[in-house]
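The values are calculated or read from the model by the stated rules, or taken from the named source; none is laboratory data. Remember, it's a predicted structure, so these values are computed and weren't measured experimentally. Heads up, the Cβs are rebuilt from the backbone with ideal geometry, glycines too, and the neighbour counts pull from every protein chain shown.
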Amino acid sequence: MTYRRAAIPALIGGLLLTALLWWAGSGADALRLPGSVGTLGPEAVAELQRWVAPWSYDPPSFLDSGVQGSGYVPLGDGDGDDRDPYNGIYTAGLQVRYGAVFVAFVLGALLLIRRLPPERGRTTAAFLALWAWGAAAGTLAAAVSAPWLIAAAGHGSHRFLSQLAGVTAAGRQLPVAVSLVAAGATVLVARIAAEGAGPLPRTVVPARAARLAATAGTAVIALSVVVLSYQPVAAALQAYSPDGGTLAEPGDLLRQWLLLGAWDAPAAGAVVDWLLHRASDVLLLAVVWWALSRLPGLLTRVTLPAMAAGAVCATVLGLLASQLLRIAVVQTGPQQGLLYSSAGIGNGIPAALTFGLLAGAVATTALRLSLRGVPEPAA
């Protein structure tokens, strides 16, 4: 599919994603009404407020009350006049966030739709990829806008990297939810745009080469899931503290962008629980391997950008699948509602971006090396 045909669904999907996030963020005031607590319950209202607060133009209530939370720090001493300049910076940060999520989604969707057009046999793959990319776009937007929101606190130089990690991690659940709708609309419009576009061929890739590439890419993801996320190694990353300067405390930031899980040794008498937790990590790696083994044969042309974007989407999908399994099998209980159990949804997406890009590059290299000397099949 040409860029011209792919641009329309990508723009529509980006506009819809941005509008849905704005609409959800503007509903933060409604959650403060007394009727909301009576209808939904105080726990559900508190959790929903935590979901939408990072996307609301109104400064979070805990900032006004002088309480730190969700990656933000207080806005000052409580004097409304003194906070006016900082509130302006906060508003500018939200504008940057919405602009960044639109741009990030459109650019990724443009590449995915062109190389993975949602025609028959590829519609489900395109939908899942766009859903995952929407969640990743939300994280990228949070990271890009974080400096403004940190500056709105009035003392951004204090533990800047720790604040950057906290602000980036905030608001991850909402893009995961609303990007489902945006991905569906994007796929629908892309199918209409693809009519009359001519043949949309698939790349012919030998099964052995595809499996080899998938194994190489999955090994990169396993480096984060198994090695870096092992508690002693993760603790060393968290405690990393070079002397002086703005890089004095990068441990929180490294954890956000490098760790996809949380490994530990089985405690005495708790082997079954340990295995249940590890099952989610095994599912993550299985989803990544399966997606990477299918990806080259679904693309119209195997290129490094397409493989890298596809690997990011595969990693995000595997991460979400593992978190849903953990909610269903491990974390649910008689006292835990759905919103409470889903509080961890979206954790690790920054690391999925980091290692997904690396996995895509490694998988592409392994695929090209395995096909060296073999005549290139017709596209």
| field | Output for the stretch 270-317, where each listed residue is among the charged types (D, E, K, R) and part of a helix (DSSP H, G or I) | value | ASP273, ARG278, ASP281, ARG294
| request: Would you confirm whether any residue within the stretch 146-155 is at pLDDT 90 or above and either hydroxyl-bearing (Ser, Thr, Tyr) or crowded, with 22+ Cβ neighbours inside 10 Å (or both)? | output: yes
| field | Only listed residue being modelled with pLDDT of 95 or more and either under 22 Å from the mean Cα position of the chain (by Cα) or outside the structural domain of ALA44 (by TED's automatic domain parsing) (or both), chosen from THR303, THR315 | value | THR315
| request: State which residue pairs qualify: first residue assigned by TED's automatic domain parsing to the domain that holds GLY261 and inside the stretch 343-356, second residue in a helix (DSSP H, G or I) and among the basic types (Lys, Arg) in any location, beta carbons under 8 Å apart, and separation of 6 or more residues or different chains. | output: ALA343/ARG50; GLY344/ARG326
| query | Are there any pairs, at least 6 apart or on different chains, whose C-beta atoms fall under 8 Å, with the first in the stretch 261-280 and in contact (Cβ under 8 Å) with a residue 24 or more places away in the chain and of a type outside the set (S, T, N, Q) and the second in a loop (DSSP other than H, G, I, E, B) and surrounded by 11 or more Cβ atoms within 10 Å (Cβ to Cβ), and if so, which? | reply | GLY261/SER229; GLY261/GLY348; ALA262/SER229; TRP263/SER229
| message | Restricting to the stretch 88-109, name every residue that is over 18 Å from THR168 (Cβ atoms), within 19 Å of the chain's Cα centre (by Cα) and surrounded by fewer than 19 Cβ atoms within 10 Å (Cβ to Cβ). | response | LEU107
